[in-house]
Amino acid sequence: MSAGTGDTAPARAAQPSAAANGDAQPVISLRDASFGYGDKRIVMGVDLQIRRTETVALLGANGSGKSTLVRGLLGVCEHLGGQVDVLGRPLAKFSQRYLLGYVPQRLPFTPTTRATVSEIVAVGRIARHGLFGRTTARDRRLIAEAIDIVGLGDFARHDVSTLSGGQQRRVLIARALAAQPEVLVMDEPMAGVDIANQHLLVAVIRRLVEGGATLLVVTHDLAALRPVLHRAVTMEAGRIASDVPLPPVTAGAFDALTGEFDGAPGELPGHCHDVTDLSGPPTGSLLAPVYSPGGPRA
């Protein structure tokens with residue numbers, strides 16, 4: 001099942017122009033914010049705004065505080081001071097956690113866990129209607145669409161343990177998308193992924209960006225993600241050391257940076273043989289309500 005239309009898209013910037021609009025609605029707003037554990041502050045005095053349709057890289061060495069900042073937004077560690085608003089609501093009153101989608105580095109299962117791609121992605125819908133909610137035809141359609149968006153339509157019934165690390169990472173993106181979040185937070189999407197799957201991951205992220213996604217990406221690898229980023233925020237010692245805009249990357253430059261493979265479209269060398277079409281932004285019903293201000297949240 002192809003993720004794209006197969007039509008040749010005209011040359012265009014990899015980043016949507018809407019992200020450059022300074023009047024765009026902020027979806028994450030931190031003012032003098034602090035996070036930590038118990039009474040120990042790890043992140044201190046952070047000012048940061050992420051606006052709708054922006055793609056922001058969060059950089060920093062181990063121990064710089066970037067993971068604690070993300071955990072604070074997700075409600076995993078404690079908010080110890082300052083103002084934090086998520087989707088226009090104070091963090092303490094933000095109850096619809098599924099609207100802040102999270103993509104971890106790896107599947108939280110043991111190697112002996114047996115589950116298909118569709119079963120893993122279906123967990124994203126549980127966040128919407130609860131553990132004991134009834135799976136509807138709409139749920140099944142959205143699950144299939146999320147899998148298609150990340151280019152794994154032909155793998156829906158495959159056991160996730162048989163997939164490569166890069167393919168598993170795309171399963172995690174699909175699981176987050178199935179919950180219809182308004183912001184996606186990705187934790188080191190390129191870590192431990194071979195170069196072929198890095199190219200596919202960047203292509204998936206590019207499709208989301210062109211579809212109007214809002215992304216916060218924790219990464220050590222700015223170069224691999226550079227074509228799909230609008231800003232780079234660097235943390236040091238629990239504080240923001242720099243916050244700089246990145247100039248747009250044209251479609252041609254994107255291809256030069258991410259490289260071209262010989263052979264059929266989507267065919268990769270070595271063990272990665274998923275033939276996918278990830279050209280152009282995704283189409284369908286999944287992304288439209290997710291990234292449109294005031295869209296449905298059901």
Among the residues in the range 51-61, are any touching an Asp or Glu at 6+ places or on another chain (Cβ under 6 Å), under 22 Å from E182 (Cα atoms) and at pLDDT 95 or above? no
Of the residues in the range 25-79, those that are of a type in the set (K, R), within 16 Å of M186 (Cα to Cα) and part of a strand (DSSP E or B) number 0
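The values are calculated or read from the model by the stated rules, or taken from the named source; none is laboratory data. Keep in mind that this is a model prediction, so the values were computed, not measured. Every residue, glycine as well, gets a Cβ built from its backbone with ideal geometry; the counts of neighbours run over all protein chains shown.
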